[in-house]
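Worksheet for the structure shown next.
The values are calculated or read from the model by the stated rules, or taken from the named source; none is laboratory data. Because the structure is a prediction, the values reported are computed rather than measured. A quick note on method: Cβ atoms are made from the backbone with ideal geometry, for glycine too, and the neighbour counts reach across all protein chains shown. The area values use the complete protein model at the heavy-atom level, side chains included, leaving out ligands, DNA and RNA. Shrake-Rupley method; radii C 1.70, N 1.55, O 1.52, S 1.80 Å.
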Amino acid sequence: MKYALVGFGDTWTQAPLDDPSVRVIGINELYRYISDRWHEWIEVHDEESIGLTTRAAPGQVLAEIEAHRRWLEQPHPGKTIWMQERFCDGRFPAAKPFPLATLQRQFGQFNGGQWDYFTSSVAMLIAFTVARGRDAAFKPIDATAAEWIGLYGIDLIGQHDRDMQGHQLYQ
């Protein structure tokens, strides 16, 4: 299967959104730009980032966070939004639990009693796509195994993102 992993950096416009042979997986606030041209979504942030608390995360505008939460609350028929298991309680109709623990066992680095590899949505998204449809030895076992993965609009926008998350993407 072919996958386009799409963030909302400038190069998202180059993603093959209209190619029926490509499965599009979006992240974060990309929904503002691509409407319904996606198949799956990754939203693994905490309560503050998805607008379940009243405080905006550093650098975010509260209205943007609330708009993102309202989008997550929509049904999105036939589509999946992968989220933390605690959010798969009916508040977000398209939500399914993101398999973070499984990915940590397959890819994570255990240092000092903590898993430290997956500190960004992008790192999780890439690992999720690489692992799907494959066994523990990464041999394809079904049609969901990736034969091609394209990255579009994937960037670390702020200095905080680059400092805290960049080491996974640039190793």
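Accessible area per residue (1.4 Å probe, heavy atoms of protein chains only) ranks Ser49, Ser21 as Ser21, Ser49, with the largest value leading.
First measure r as the distance between the Cβ atoms of Cys88 and Asp155, then evaluate 1/(1 + (r/R0)^6) with R0 = 22 Å and state the FRET efficiency to the nearest 0.05. Before the final figure, lay out the partial values.
Values: r = 29 Å, r/R0 = 1.30.
So the FRET efficiency works out to roughly 0.15.
Of Val61, Val130, the residue with the largest accessible area leads and the full order is Val61, Val130 (1.4 Å probe).
Ranked by accessible surface with a 1.4 Å probe, highest first, in what order do Arg70, Arg37 come? Provide the component values of the computation, followed by the final result.
Details: Arg70 120, Arg37 85 Å².
Per-residue accessible area, sorted high to low, gives Arg70, Arg37.
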